[in-house]
Amino acid sequence: MNVLLVYPRYPDTFWSFRHALKFVSRKAAFPPLGLLTVASLLPAHWNKRLVDLNVRPLKEKDLHGVDYVFLSAMLVQQESLQEVVDLCRERKIPIVAGGPLFMVTEQEEFEGIDHLVLGEAEVTLPMFLRDLEEGKPKKRYDSRERPDLTMTPLPSWDLISFKDYATMPIQYSRGCPFNCDFCDIIVMNGRIPRTKSEEQMLRELDALYVRGWRGTVFIVDDNFIGNKHKVKKLLPKVIEWNRKRRYPFNFITEASINLADDDELLDLMAQANFSQVFLGIETPHEGSLAECNKIQNADRDLVTSVKKIQNAGIEVMGGFIVGFDSDPPNIFERQIEFISKSGVVTAMVGVLQAVPGTRLYQRLREQGRLLMNPTGNHTDGILNFIPKMDMESLINGYRRIIDTIYSPKNYYERVLTFLKEYKPSGKRRHFNLRDFKAFLKSLVILGLFEEGRRHYWGLLTKAFIKYRRAFPEAVASAIYGYHFRKVLRAQAKERISH
């Protein structure tokens, strides 16, 4: 059996980091971990190839002799996915599809897909493979069973070239103990976090290390600290693994803000060489936190929590949302003030989207307020429901936040606010050749030609004099800012054209 695994292209969004990638001569931020894991679940004797459309286009010769195309995608990739589906239909190549996009979208919206394998692949893919072997594969496979992650195989890293990517992803757990109103994580992965074994995780690290990977590893969990007890047992072994190899990896992950409440956990993550953590901060307004059941964020000083994590040597990236029914008229100014004061450099601000399967979606549907399916791009300013706030006021207020926090002056000032709080570990990676080349490119692109170059030079000067240990983070932040501004300009042009 000859199978081709295809990963659709991401549009140019904040999360694509496409404009930042050219500084480090990489084509994509990270490879498709889900498809690489699916490849390992397929029969070993099958001939498997993978094409990541974020790395290169799908060519005619890629489809020659292919028996099945396997697809996985997120909501934001649906346009690229449809192009692949149309191409395969023209050539009468059957398609097997799964992943987050299909978990939250009605089946009839994807005409041309022959087999949907939903749920978690460790459970449903074997069902499809058994029926395929018997010559009677069904249209749809689904299951609510939550598999033991110790049965998850190592990803098929041999299907990709590490040189194409800036970061390598691995997974430790699935699920989140919290029940936020707008979040589809518990719909897909449940509320009880399931984890891989400690030995399994060390094998995952070994697999990357022996293939030559050095640099950032993204632990892609829904909430890495969802099961704190198990994480605290894992981290000492990761610390020892990294120390013995002279810290080839630094880690980034996603977590909840109650990380700030646990000094032991913070210290262990810093020792393990975690450099960044993404937190769903959402909003500084208590009424909106209560509305969306974000109980872990309520009744606390959010700025203090963020700064505590930064003091531990871990940079906080934050997700923020406007558009809650409880948002007051001054929510936009409050978001700007919070982001500036907290020093959250990478602030992903989006308009609330109602995702199918979530409690928010069900409530809005019952109220007759849904307009369309979400785009999956939380920073495009497109609403898929009727808000309580005047829609024009909401969209204009959202754009005011984005335009303000990513203006060169405000952005570079926020980087300095972060650097004042940031206490990097001595284990943090130092400049390598790739970093040095990125730095040189930034001197030319950001220092000579880009808007805000005066602020860029001010940042580098202050970082070199006052925050020298964090100089790599200062340079990286400047490069990320360039990407964010490029995306914003493109979105502004698109709005004008419409």
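The values are calculated or read from the model by the stated rules, or taken from the named source; none is laboratory data. Given the structure is predicted, the values throughout are model-derived calculations rather than measurements. Neighbour counts run over all protein chains shown; Cβ positions are idealised from the backbone, glycine included. Remember, those area values only see protein heavy atoms, side chains included, never the ligands or the DNA or RNA. Shrake-Rupley method; radii C 1.70, N 1.55, O 1.52, S 1.80 Å.
Select from the stretch 433-474 the residues that are of a type in the set (Gly, Ala, Ser), crowded, with 18+ Cβ neighbours inside 10 Å and either in contact with a strand residue (DSSP E or B) (Cβ under 8 Å, 6 or more places away or on another chain) or part of a helix (DSSP H, G or I) (or both) and list them in ascending order. Give the derivation first.
Of the residues in the stretch 433-474, the ones of a type in the set (Gly, Ala, Ser) are 438, 442, 447, 452, 458, 463, 470, 474.
Retained after the next criterion (residues that are crowded, with 18+ Cβ neighbours inside 10 Å): 438, 442, 452, 463, 470, 474.
Within the stretch 433-474, 438, 442, 463, 470, 474 meet the criteria.
Out of the stretch 267-284, which residues are of a type outside the set (S, T, N, Q) and open to solvent by less than 10 Å² (accessible area, probe 1.4 Å)? Quick ask: steps written out before the conclusion?
The first filter runs over the stretch 267-284 and keeps only residues of a type outside the set (S, T, N, Q), leaving 267-270, 272, 274, 277-282, 284.
Result: 269, 272, 274, 277, 279, 281.
Select from the stretch 172-183 the residues that are assigned to a loop (DSSP other than H, G, I, E, B) and in contact with a strand residue (DSSP E or B) (Cβ under 7 Å, 6 or more places away or on another chain) and write down the one among them that is farthest from residue 105 (Cα to Cα).
Only one residue fits best here, namely 172.
Of all residues in the stretch 162-200, which are without any contact (Cβ under 8 Å) to a residue 40 or more places away in the chain and in contact with a helix residue (DSSP H, G or I) (Cβ under 6 Å, 6 or more places away or on another chain)?
198, the sole residue that qualifies.
Sort out which residues of the stretch 364-393 are in contact with a Gly (Cβ under 9 Å, 6 or more places away or on another chain), of a type in the set (A, V, I, L, M, F, W, C), in contact (Cβ under 8 Å) with a residue 24 or more places away in the chain and open to solvent by 30 Å² or more (accessible area, probe 1.4 Å), and write them in order of number.
Scanning the stretch 364-393 gives a single hit, 389.
Report every pair of residues separated by at least 6 positions or lying on different chains whose Cβ atoms are under 8 Å apart, first residue within the stretch 263-278 and under 16 Å from residue 230 (Cα atoms), second open to solvent by less than 20 Å² (accessible area, probe 1.4 Å) and part of a loop (DSSP other than H, G, I, E, B).
Within 8 Å, the pairs are 265/225; 266/314; 269/314.
Give the residue that is nearest to residue 152 (Cα to Cα), with candidates limited to residues of the stretch 200-223 that are among the β-branched types (Val, Ile, Thr) and open to solvent by 20 Å² or more (accessible area, probe 1.4 Å).
Within the stretch 200-223, the subset among the β-branched types (Val, Ile, Thr) is 210, 216-217, 219-220.
If we keep only those that are open to solvent by 20 Å² or more (accessible area, probe 1.4 Å) too, we end up with 210, 216, 220.
Values: 210: 20, 216: 22, 220: 15 Å.
Residue satisfying both the conditions and the ranking: 220.
Would you please name the residue that is most open to solvent (accessible area, probe 1.4 Å), looking only at residues in the stretch 394-414 that are hydrophobic (A, V, I, L, M, F, W, C) and farther than 15 Å from residue 483 by Cα? Outline the logic, then answer.
Residues of the stretch 394-414 that are hydrophobic (A, V, I, L, M, F, W, C), as a first pass: 394-395, 401-402, 405.
With farther than 15 Å from residue 483 by Cα added as a condition, the list becomes 394-395, 401.
Numbers: 394: 2, 395: 23, 401: 0 Å².
Among those residues, the one meeting the criterion is 395.
Inspect the stretch 77-85 for any residue being more than 27 Å from residue 136 (Cα to Cα) and of a type in the set (Val, Ile, Thr) and give the result as yes or no.
no
Residues to consider are 67, 52; find the one that is surrounded by 17 or more Cβ atoms within 10 Å (Cβ to Cβ), modelled with pLDDT of 95 or more and either in contact with a Lys or Arg (Cβ under 6 Å, 6 or more places away or on another chain) or acidic (Asp, Glu) (or both).
On the way: 67 fails: surrounded by 17 or more Cβ atoms within 10 Å (Cβ to Cβ).
Exactly one of 67, 52 is surrounded by 17 or more Cβ atoms within 10 Å (Cβ to Cβ), modelled with pLDDT of 95 or more and either in contact with a Lys or Arg (Cβ under 6 Å, 6 or more places away or on another chain) or acidic (Asp, Glu) (or both), namely 52.
Yes or no: the stretch 114-130 includes at least one residue that is among the basic types (Lys, Arg), at pLDDT 95 or above and surrounded by fewer than 18 Cβ atoms within 10 Å (Cβ to Cβ).
Start the filter on the stretch 114-130 by keeping residues that are among the basic types (Lys, Arg), which leaves 130.
Still in the list and also at pLDDT 95 or above: 130.
From what's left, surrounded by fewer than 18 Cβ atoms within 10 Å (Cβ to Cβ): 130.
Yes - at least one qualifying residue is present in the stretch 114-130.
Please name all residue pairs, on different chains or six or more residues apart, with Cβ atoms under 9 Å, provided the first residue is in the stretch 208-228 and is more than 17 Å from residue 265 (Cβ to Cβ) and basic (Lys, Arg) and the second residue is open to solvent by 10 Å² or more (accessible area, probe 1.4 Å) and not in a loop (DSSP other than H, G, I, E, B).
211/158; 211/162
Please go through the stretch 285-303 and pick out each residue that is touching a residue at least 24 places away in the same chain (Cβ under 8 Å), open to solvent by 30 Å² or more (accessible area, probe 1.4 Å) and closer than 17 Å to residue 342 by Cβ.
Within the stretch 285-303, 285, 300 meet the criteria.
Residues to consider are 79, 60; find the one that is over 16 Å from the mean Cα position of the chain (by Cα), more than 30 Å from residue 135 (Cα to Cα) and either surrounded by fewer than 22 Cβ atoms within 10 Å (Cβ to Cβ) or not aromatic (Phe, Trp, Tyr) (or both).
The conditions single out 79.
Yes or no: residue 29 under 19 Å from the mean Cα position of the chain (by Cα), open to solvent by less than 30 Å² (accessible area, probe 1.4 Å), within 21 Å of residue 376 (Cβ to Cβ) and modelled with pLDDT of 95 or more? Show your work before the answer.
Values: under 19 Å from the mean Cα position of the chain (by Cα): yes; open to solvent by less than 30 Å² (accessible area, probe 1.4 Å): yes; within 21 Å of residue 376 (Cβ to Cβ): yes; modelled with pLDDT of 95 or more: yes.
When the stated conditions are applied, residue 29 passes them.
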